[in-house]
Amino acid sequence: MIAIAQRVSRSEVRVGAEVVGRIDKGVLLLVAVERGDTEADADVLARKLVALRIFPGRTPMDLSLKDAGGACLVVSQFTLAGSIRKGNRPSFDRAEDPALAQALYQRVADRVAADGIPVSCGRFAADMDVELVNDGPVTFIIEARDGALTGH
């Protein structure tokens, strides 16, 4: 599972003219579910996001999302599972089947909310317009596999 966490002063997602999710200060979390990802991956990713100290306090990176009184906008973005190694057309072979991916995407959102963070979501598998004001900018890649954090 791979996610991009962006600290934002505000973010909004629309499907057509309808606003389906909106937050003020917090984190925009773009989530891709890859083949083989599990509930344990969703859980560890959500725990890391909630605990991550990326908001200013006494130092520039001092407070967690909860400490800062922030919210989270969770948006599915299967293209993060894409590969551009061969040729010029991305391959999405690593992306999970949508029915399985949706459940794990929703689990991430539910786990963040269970930690007391206000959560808003995009619409899974929809063509969305995502607007954000990246605060900082502060952006992190969070990857989980086999129930543990990997990569960055």
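The values are calculated or read from the model by the stated rules, or taken from the named source; none is laboratory data. Keep in mind it's a predicted model, so treat the numbers as computed, not measured. Here Cβ is always computed from backbone atoms with ideal geometry, including for glycine, and neighbour counts include all displayed protein chains.
A few remarks follow.
- Output for region 118-152, where each listed residue is touching a strand residue (DSSP E or B) at 6+ places or on another chain (Cβ under 8 Å) and outside any strand (DSSP E or B): Pro118, Gly122, Arg123, Phe124, Ala125, Ala126, Asp127, Met128, Gly151, His152
Per-residue answers, yes or no, for (1) crowded, with 18+ Cβ neighbours inside 10 Å; (2) at pLDDT 95 or above; (3) within 16 Å of Val27 (Cα to Cα); (4) out of contact with any Phe, Trp or Tyr (no Cβ under 8 Å at 6 or more places or on another chain):
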| residue | (1), (2), (3), (4) |
| --- | --- |
| Ala101 | yes, yes, no, no |
| Leu104 | yes, yes, no, yes |
| Arg107 | yes, yes, no, yes |
| Ile117 | yes, yes, yes, yes |
| Ser120 | yes, yes, yes, yes |
| Val130 | no, yes, yes, yes |
| Val138 | no, yes, yes, yes |
| His152 | no, no, no, no |
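- At least 3 residues being over 12 Å from the mean Cα position of the chain (by Cα) is the threshold, and among the strands (runs of 3 or more DSSP E) wholly inside region 1-98 those reaching it are 2-15, 18-23.
- Checking Arg47 against (1) modelled with pLDDT of 95 or more; (2) over 17 Å from Thr150 (Cβ atoms), the condition it does not meet: (2)
- Residues being among the β-branched types (Val, Ile, Thr) and under 20 Å from Phe140 (Cβ atoms) - total across region 1-48: 9
- Unmet criterion (only one of (1) under 22 Å from Gly147 (Cα atoms); (2) at pLDDT below 95) for Lys86: (1)
- If you go through region 58-99 and keep only what is on the phi > 0 side of the Ramachandran plot and exposed (fewer than 13 other Cβ atoms within 10 Å of the Cβ), you end up with just Gly87.
- Flag for Arg107 being within 12 Å of the chain's Cα centre (by Cα) and closer than 18 Å to Gly21 by Cα: yes
- The numbered conditions (1) in a loop (DSSP other than H, G, I, E, B); (2) surrounded by 15 or more Cβ atoms within 10 Å (Cβ to Cβ) are all true for Arg111 except (1).
- Count of residues meeting criterion [over 20 Å from Glu131 (Cα atoms), of a type in the set (D, E, K, R) and surrounded by 15 or more Cβ atoms within 10 Å (Cβ to Cβ)] in region 23-52: 6
- Set side by side, the residues Ala101, Ala126, Ala51 differ, and just one is without any contact (Cβ under 8 Å) to a residue 40 or more places away in the chain, closer than 25 Å to Glu34 by Cα, of a type in the set (A, V, I, L, M, F, W, C) and touching a Ser or Thr at 6+ places or on another chain (Cβ under 9 Å), which is Ala51.
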